[in-house]
């Protein structure tokens, strides 16, 4: 199943009951994960904003502690989910006590780290002071003597000055100590400043500095041993209890989320009111779960109206949020839809259509089997790196998207006969009409020249009928030509350009059709479809016929010209319905019609981007790979040249692949978001976000 073509129906839910059961109701709503709650707006007389549960503050403190421990231990959750009741049994008082002990261990480690840093700093200073040969307590602390102890950039400046006799100077290469009477303080400060003196903060202690260093080194070693012991205790505890710790963290996250939920609910002294949206397919389930707690429940399916379409911003009523339908295989394309924004409620969802068009565009542009296989491998790696369908859904979608576009790249690489930039399929030559004049290989009534590619690539011709010595051509009207194999870089380049333009025409027509369907279903009816969308379809068909005959046959197609005229008239009427004066509509309609030509020609990038990429790879093959093979065959110094060239060739291939991932994606996104979606898509919807914590390790019964 590729998926649904429209978003899900949603309905407005109003539930009210006694305030005494608000915690129970919040718990049920959280576990159902089916209600999009409208935040309470302070404009309802008699109501106020709910308050968090009484245990919210305690849960927040415990949650912060657990998050910190999980982060520091690197604990990994269990491989299988745990039932909620079992989780609460696991996280009992004994486990809580062991977590508190672990917290004290981390606290002690932090203290040890501070002590180690202090000891290392003191040892470093003591090692600087040791060469002075003065006991530590004699370096400072005098009442009648001024002492200067520190590092000095130019100690010779001090030694060369004729200082008073009551000034004592001791120095080595790094440290200087100057002791004098108080009256020489100002003079010595000036001299020391000119010598680049920086004072050292003398550590506490007394006695021989060498002995102090030894004592501090021993103390440092003791601290480091204690830290290692504590870290081993943490590792042992984590190996044994890490999974339970992650379960405990998730349990607290669930409880904390539910304890905060009342702030979304309107309350009075005795009642509460929940205002929200639920998808219609889960309405019975939600109503049944709430019925035992709520005294009043009202549910009504939302209907799309012209007021919604025109976005009446003066209305205080909340607009229906947009919930994706069940997309099935097209679910990874939700990444693209959400990148531009959800559609308006009730309109066509482009997600399913992009399952076909997006990989098609990407494959047409990259079209290389080697790069396609690399892309698929990357997608598989991403999915295996994020195995959890609940918590890693976005990354798993991204991995699947890579697999889709990689598969399309392999397919078109097969059609093009390209692998790592080598075009390995033989080329047919019709000018050699008989077997006797064919200088190459004669097969199937044609002459074929084998491609000059390495043997590790050439063998791939066995994947094709007759070893690739086949060139089937299907010629359709209006110069549309399909060939197999398809040599896009050489013989079929012009065919690829034409195909790219026709793909653009078809893609835009699909957009207009979807827009017309939306107008009939949820818009202005058949009249809106005729003037707003079918008019563009008529202009496109007429413009194509006119342009084809004018440029290809050098003649005027009056049918096409007539269709363009009819389409312009309908478009003028549409613009007038939008509120524009007739004169402006008459000028604006032809200008917008010309813009349709640029949108169509924009699809030429489907051939151009791919040609640029394959030429980069071809240049690397032609220069570096050839140089590598030549170097290896020459031997001697040529082996080094060959090795360097081979490394360079791998670098070019990697660059070509990365560029092939980035550039075609950018252009495929542009063709969808800019050229296609603007024909029918309004990205002004609010995403449906069901209230509730998304569990990773705990299995929660939605009904309790």
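Apart from one condition, residue 540 fits all of (1) at negative phi; (2) surrounded by fewer than 15 Cβ atoms within 10 Å (Cβ to Cβ); the exception is (2). Here residue 212 meets each of (1) in contact (Cβ under 8 Å) with a residue 60 or more places away in the chain; (2) touching a strand residue (DSSP E or B) at 6+ places or on another chain (Cβ under 8 Å); (3) part of a helix (DSSP H, G or I) with one exception, condition (2). Only a single item in (1) out of contact with any strand residue (DSSP E or B) (no Cβ under 9 Å at 6 or more places or on another chain); (2) free of Cβ contacts under 8 Å to residues at least 60 places away in the same chain; (3) buried (at least 23 other Cβ atoms within 10 Å of the Cβ) is not met by residue 426, and it is number (1). In the range 471-514, of all residues being in a helix (DSSP H, G or I) and touching a strand residue (DSSP E or B) at 6+ places or on another chain (Cβ under 8 Å), the one that is farthest from residue 346 (Cα to Cα) corresponds to 495. Among all positions in the range 632-649, there is no residue which is touching a strand residue (DSSP E or B) at 6+ places or on another chain (Cβ under 6 Å) and either in contact (Cβ under 8 Å) with a residue 24 or more places away in the chain or in a helix (DSSP H, G or I) (or both). Are any of the residues in the range 552-572 crowded, with 18+ Cβ neighbours inside 10 Å and closer than 26 Å to residue 349 by Cα? Yes. Condition check: in contact with a helix residue (DSSP H, G or I) (Cβ under 6 Å, 6 or more places away or on another chain), modelled with pLDDT under 85 and not in a strand (DSSP E or B). Does residue 255 satisfy that? Yes, satisfied. Do the conditions hold for residue 247, that is, is it modelled with pLDDT under 85 and either in contact with a helix residue (DSSP H, G or I) (Cβ under 7 Å, 6 or more places away or on another chain) or under 30 Å from residue 108 (Cα atoms) (or both)? Considered against the rule, which asks whether it is modelled with pLDDT under 85 and either in contact with a helix residue (DSSP H, G or I) (Cβ under 7 Å, 6 or more places away or on another chain) or under 30 Å from residue 108 (Cα atoms) (or both), residue 247 comes out as no. For the range 10-34, a tally of residues being surrounded by 17 or more Cβ atoms within 10 Å (Cβ to Cβ) and part of a strand (DSSP E or B) returns 7. Go through the residues of the range 621-628 one by one and say whether even a single one is surrounded by fewer than 16 Cβ atoms within 10 Å (Cβ to Cβ) and touching a helix residue (DSSP H, G or I) at 6+ places or on another chain (Cβ under 7 Å). No; the residues of the range 621-628 include none that is surrounded by fewer than 16 Cβ atoms within 10 Å (Cβ to Cβ) and touching a helix residue (DSSP H, G or I) at 6+ places or on another chain (Cβ under 7 Å). Against the condition touching a residue at least 60 places away in the same chain (Cβ under 8 Å) and either in contact with a strand residue (DSSP E or B) (Cβ under 6 Å, 6 or more places away or on another chain) or outside any loop (DSSP other than H, G, I, E, B) (or both), how does residue 362 come out, does it pass? It is true that residue 362 is touching a residue at least 60 places away in the same chain (Cβ under 8 Å) and either in contact with a strand residue (DSSP E or B) (Cβ under 6 Å, 6 or more places away or on another chain) or outside any loop (DSSP other than H, G, I, E, B) (or both).
Restricting attention to the range 194-219, the residues that are at pLDDT below 80 and loosely packed, with under 11 Cβ neighbours inside 10 Å total 0. Restricting attention to the range 159-174, the residues that are touching a strand residue (DSSP E or B) at 6+ places or on another chain (Cβ under 6 Å), surrounded by 14 or more Cβ atoms within 10 Å (Cβ to Cβ) and outside any loop (DSSP other than H, G, I, E, B) add up to 2. Of the listed requirements (1) within 20 Å of residue 371 (Cβ to Cβ); (2) part of a helix (DSSP H, G or I), residue 462 misses just one: (1).
Look at (1) in contact with a helix residue (DSSP H, G or I) (Cβ under 7 Å, 6 or more places away or on another chain); (2) crowded, with 20+ Cβ neighbours inside 10 Å; (3) more than 24 Å from residue 528 (Cα to Cα) and you find that residue 696 fails only one, number (2). Among the candidates 413, 455, 468, the residue that is without any contact (Cβ under 8 Å) to a residue 60 or more places away in the chain and over 30 Å from residue 502 (Cα atoms) is uniquely 455.
Taking (1) surrounded by fewer than 20 Cβ atoms within 10 Å (Cβ to Cβ); (2) farther than 30 Å from residue 525 by Cβ; (3) in contact with a strand residue (DSSP E or B) (Cβ under 8 Å, 6 or more places away or on another chain); (4) modelled with pLDDT of 90 or more in turn, residue 286 satisfies each apart from (1). The test for being out of contact with any helix residue (DSSP H, G or I) (no Cβ under 8 Å at 6 or more places or on another chain), within 25 Å of residue 609 (Cβ to Cβ), surrounded by fewer than 20 Cβ atoms within 10 Å (Cβ to Cβ) and in contact (Cβ under 8 Å) with a residue 24 or more places away in the chain does not hold for residue 479.
Note on the range 100-131: residues that are without any contact (Cβ under 8 Å) to a residue 60 or more places away in the chain and over 30 Å from residue 68 (Cβ atoms) amount to 2. Suppose we keep only residues that are more than 40 Å from the chain's Cα centre (by Cα) and assigned to a loop (DSSP other than H, G, I, E, B) within the range 574-622. Which one would you say is farthest from residue 361 (Cα to Cα)? Top of the filtered list is 581. Of the residues making up the range 97-139, those that are modelled with pLDDT of 80 or more and outside any helix (DSSP H, G or I) are 133, 134, 135. Close contacts from the range 85-96, counting a first residue that is outside any helix (DSSP H, G or I) and a second that is surrounded by 13 or more Cβ atoms within 10 Å (Cβ to Cβ), with Cβ to Cβ under 8 Å and a gap of 6+ residues or different chains, come to 91/244; 91/247; 91/248; 91/251.
Figure legend. Inter-residue proximity from the range 668-692: first residues closer than 22 Å to residue 365 by Cβ, second residues surrounded by fewer than 16 Cβ atoms within 10 Å (Cβ to Cβ), beta-carbon distance below 6 Å, spacing 6+ or different chains. Indicated pairs: 673/340.
The values are calculated or read from the model by the stated rules, or taken from the named source; none is laboratory data. All values reported here derive from a predicted model rather than from experimental measurement. Positions of Cβ are backbone-derived with ideal geometry, glycine not excepted, and every protein chain shown enters the neighbour counts.
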